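> Following this message is one structure expressed as structure tokens.
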Amino acid sequence: QVQLAESGGGLVQAGDSLRLSCAASGGPLSTSVMAWFRQAPGKEREFAAGIGWSVSDTVYPDSVKGRFTISRDNAKSTVYLQMNSLKPEDTALYYCAARKDGGVSGQARDYRYWGQGTQVTVSS
């Protein structure tokens, strides 16, 4: 059973940066495909970034490409999301997710394990 715990959220101004962390337990991180999703009030959960077993296997939606960077440290069982040039529309609850079958997917239904989320609020 994989357990995920996010941290690093907060209140920042537009243009600032934040780094989110996701600590995994219950099994080696190296066997999991990891992703970050986000959900704003009244909106559906959306894919923000994903990373495969290879650290070079990363996927981003157009909305964050060039601003967000996902990375993983298997030795520390931690996945990171570096967010630069933040915009008010990035405001959301950010979730870490893991799957052990298949590659990086932008569909929330493909991920079995989820954290509780960390809030990111970007003021204008």
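Each value in this text was obtained by applying a stated rule to the coordinates, not by laboratory testing. All values derive from a computational prediction rather than experimental measurement. Because the Cβ atoms are built from the backbone with ideal geometry, glycine has one as well, and the counts that use them run over all protein chains shown.
> Net charge within 13 Å of ARG45 by Cβ-Cβ distance, Lys/Arg positive one each and Asp/Glu negative one each, not counting ARG45 itself?
0
> Sticking with this one: Among SER71, SER25, GLN107, pick out the residue whose Cα is farthest towards the positive end of the charge dipole of the chain, where Lys and Arg carry +1 and Asp and Glu carry -1 on C-beta, about the Cα centre.
So the residue furthest toward the plus end is SER25.
> Let me ask you something else. Using a cut-off of 15 Å between beta-carbons, work out the net charge of the residues near GLY10 (Lys and Arg +1, Asp and Glu -1, GLY10 not included).
-1
> Quick one: if the Förster radius is 41 Å, what FRET efficiency do THR31 and ARG67 give, using the C-beta to C-beta distance and rounding to 0.05?
0.90
> Quote to one decimal, in nm, the extra length available between ASP16 and GLU46 on full extension: 0.36 nm per residue of separation minus the C-alpha distance between them.
8.6 nm
> Give, rounded to the nearest 20 debye, the magnitude of the charge dipole that the chain has about its Cα centre when Lys and Arg contribute +1 at Cβ and Asp and Glu contribute -1 at Cβ.
Charge dipole of the chain: 140 debye, to the nearest 20.
> Scan segment 1-104 for GluC sites (Glu not before Pro) in coil per DSSP, keeping those whose Cβ has at most 10 other Cβ atoms within 10 Å, and list them by number.
Passing both the DSSP loop test and the Cβ count: GLU44.
> Count the net charge of all other residues whose Cβ sits under 15 Å from the Cβ of GLY115, scoring Lys and Arg as +1 and Asp and Glu as -1.
+4
> Starting from the Cα of SER105, move 7 Å in the Cα-to-Cβ direction to define the label point; list residues of segment 32-69 whose amide nitrogen is under 18 Å from there.
Counting only backbone N, you get 32-38, 45-54, 58-61.
> Can you tell me the FRET efficiency between SER123 and ALA75 if r is taken as the Cβ-Cβ distance and R0 is 35 Å, rounded to the nearest 0.05?
For SER123 and ALA75, the calculated efficiency is 0.45.
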